[in-house]
Amino acid sequence: MFPFSPPALKLSVNETYVVDPGQDVTLSCEVTAGYPPPTVSWTRYPGPLPQRSLIDNGTLTLTSVMPEDSGFYNCTAVNNVGNPARRNVNLVVRTMKNLTFQITPDSNKDSETIQIGRDLKLSCHADAQPQDKVNYAWYKNGAPVVPSDSLIVLRSDPDMPPSTSSLEIIDMKFRDQATYSCLANFPGSSVPELRVDVNITQSSDYTTYYASDYPSYYASDYTTYYASDYPSDYASDYPSYYASDYTTYYASDYPSDYASDYPSYYASDYTTYYASE
């Protein structure tokens, strides 16, 4: 006959278990001690176990997990000897809902503008779980940003909410006008990546910027006025006068006793005006 002993448990997974949505999950709770043989049960906090769950001999199976299945799963072994044995698993189903973008300074404020020669910060933040496992990548005109003294990439910006990545443009130059992209993903995960594009350009006195919910301003939104829209001071807008527009008179055209009594008029006596003048 075995002596009575309290239960003991061992989990088959880490205390934090991260999976992709749609994946089947198996959580095994192995009894390593206890007499009489303990009874094993599973509970979840918050809420009850998902309807797609199955318990068999201390093993909990969840089929096609969804983000709402995330939570703390508790395995408890009881044999009425001593205290129950408990083990917890924090199940995290990866999710990425949206990607928010922020420009500093904020050009939507009257007191702030994006100007050449000033510093500019582009920040993006993914609403995701697990938040600290999100990977961010920055692109400029489709090519990966190469960090430099004037382009600084912050993996986690201390001035922003946790797990926010920022790209700082120091002393903005005309060459910095480009389309910048922030891409967020879980490396090796089936969760779709998220991407946001920000177009920073300058047309005349207007700065163009957009990012998801930011309004886009393009030069095409403004009326372009050309010289042709206004009365022109160019000779081409006036009739052109050529020597052929004048009648040439010869002395023989006048009645005279002597042709020499009248001056002779030739085309060369007239000034010729060209449109280019």
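Work out the FRET efficiency for Asn141 and Gln51 from their Cβ-Cβ distance, taking R0 = 41 Å, and round it to the nearest 0.05.
It comes out at approximately 0.25.
Using +1 on the beta carbon of Lys and Arg, -1 on that of Asp and Glu, and nothing else charged, what's the dipole of region 5-93 about the Cα centre, debye to 20?
I would put it at about 280 debye.
Working out 0.36 nm times the residue gap between Thr63 and Asp24, then minus their Cα-Cα distance, what length gain in nm do you get to one decimal?
Numbers: separation 39, 0.36 × 39 = 14.04 nm, distance 0.45 nm.
Here the segment from Thr63 to Asp24 would lengthen by 13.6 nm.
Counting only other residues whose beta carbon sits under 9 Å from that of Lys10, what net charge do I get with K and R as +1, D and E as -1?
Local charge sum for Lys10: 0.
Per residue of region 54-67, in order, report the coupling 6.51 cos²θ - 1.76 cosθ + 1.60 (Karplus, θ = phi - 60°) as ³J(HN,Hα) in whole Hz, putting x for Gly and Pro.
So the J values, rounded to whole Hz, are 9, 10, 9, 6, x, 10, 9, 10, 10, 9, 6, 5, 10, x.
Amide H of Asp119 versus every other amide H placed in the peptide plane: which residues, excluding those fewer than 5 positions away on the same chain, fall under 5 Å?
Residues meeting the amide H criterion: Asp171, Met172.
Please list, in order along region 178-184, the HN-Hα scalar couplings obtained from phi with the Karplus expression 6.51 cos²θ - 1.76 cosθ + 1.60 (θ = phi - 60°), rounded to whole Hz, x for Gly and Pro.
Result, rounded to whole Hz: 5, 9, 9, 10, 10, 10, 10.
Which loop GluC sites (Glu not before Pro) in region 1-108, with loop taken from DSSP, have no more than 10 other Cβ atoms within 10 angstrom of their Cβ?
Glu15
Straight-line reach only, C-alpha to C-alpha below 30 angstrom: list the lysines that Lys10 could link to, leaving out same-chain residues fewer than 8 apart.
Counting by Cα, and skipping residues close in sequence, Lys10 has these lysines nearby: Lys133.
What net charge do the residues around Cys29 carry, taking every other residue with its C-beta under 12 Å from that of Cys29, with Lys and Arg at +1 and Asp and Glu at -1?
Details: positive: Lys10, Arg86, Arg87; negative: Glu30, Asp56.
Charge balance in the 12 Å sphere: +1.
How large is ³J(HN,Hα), in whole Hz, for each residue of region 146-159 in order, when computed from phi with the Karplus curve 6.51 cos²θ - 1.76 cosθ + 1.60 and θ = phi - 60°, using x for Gly and Pro?
9, x, 8, 5, 9, 10, 10, 9, 10, 5, 9, 6, x, 8
Scan region 134-182 for trypsin sites (Lys or Arg not before Pro) in coil per DSSP, keeping those whose Cβ has at most 11 other Cβ atoms within 10 Å, and list them by number.
Numbers: sites: Lys140, Arg155, Lys173, Arg175; in loops: Arg155, Lys173.
Those satisfying the criteria are Arg155, Lys173.
Non-local amide H neighbours of Leu9 (under 5 Å, H modeled in plane, Pro and chain starts lacking H): which ones?
Here the answer is Thr32, since their amide H atoms fall under 5 Å of that of Leu9.
Given H placed on each backbone N at 1.01 Å, which residues far from Gln23 in sequence or on other chains put an amide H within less than 5 Å of it?
Excluding prolines and chain starts, which carry no amide H, the hits are Val65.
Since every read-out is calculated from the coordinates, none of them should be taken as a lab result. The model shown is predicted, which means the values in this text are computed figures rather than measured ones. With ideal geometry, Cβ positions are generated from the backbone for all residues, glycine too; neighbour counts draw on all protein chains shown.
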